[in-house]
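See structure below.
The values are calculated or read from the model by the stated rules, or taken from the named source; none is laboratory data. Not measured: the values here are computed from a predicted model. In this analysis, Cβ positions are derived from the backbone assuming ideal geometry, glycine residues included, and neighbour counts consider all displayed protein chains. Side chains are part of the model used for accessible areas, which takes the heavy atoms of the whole protein and leaves out ligands, DNA and RNA. Shrake-Rupley method; radii C 1.70, N 1.55, O 1.52, S 1.80 Å.
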Amino acid sequence: LLTKQSLFPQDYKGQKLAEQIFQGIILVSAVIGFIYGYITEQFGWTVYIVMAGFALSCLLTLPPWPMYRRNPLKWLPVQESGTEEKKAADRKPKRHAKS
């Protein structure tokens with residue numbers, strides 16, 4: 001059974017937090033990887049450190065952790081479709097003023 005919670009595992013503030021965490025980890029790992037790779041003169045270490053940062057950021061941001069669901073969306077109540085058709089039928093056509 002699908003619920004609103006399973007369809008939208010993160011709220012908007014949670015998405016923003018996940019994006020900030022992701023970018024922060026990638027940035028920090030890139031800087032550390034570049035410095036370490038420059039000191040050791042091994043580009044491979046730079047790549048490994050950035051890949052480890054990417055894996056860590058994916059682990060922290062991709063699953064729907066509870067910290068990303070603290071501000072649930074408020075949904076409107078369900079309306080019956082018959083009321084919309086009735087309202088549309090009750091409306092009178094607008095008359096345009098003659099110039």
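One chain, two ends: Phe43 and Arg69. Fully extended at 0.36 nm per residue, the span grows by 5.5 nm beyond their Cα-Cα distance. What the phi angles of segment 54-71 give under the Karplus curve with 6.51, -1.76 and 1.60, with θ = phi - 60°, is a coupling list of 5, 4, 5, 5, 5, 5, 7, 10, 7, x, x, 5, x, 5, 8, 10, 7, 10 Hz, glycine and proline written as x.
A compact globular protein would have a Cα radius of gyration near 2.2 N^0.38 Å; the ratio found for segment 13-62 is 1.24. If you take every residue apart from Asn71 with its C-beta less than 13 Å away from the C-beta of Asn71, what net charge results, scoring Lys and Arg +1 and Asp and Glu -1? Summing Lys and Arg as +1 and Asp and Glu as -1 gives +4. With all protein chains in place and a 1.4 Å probe, the accessible surface of segment 13-62 carries 75 percent carbon and sulfur.
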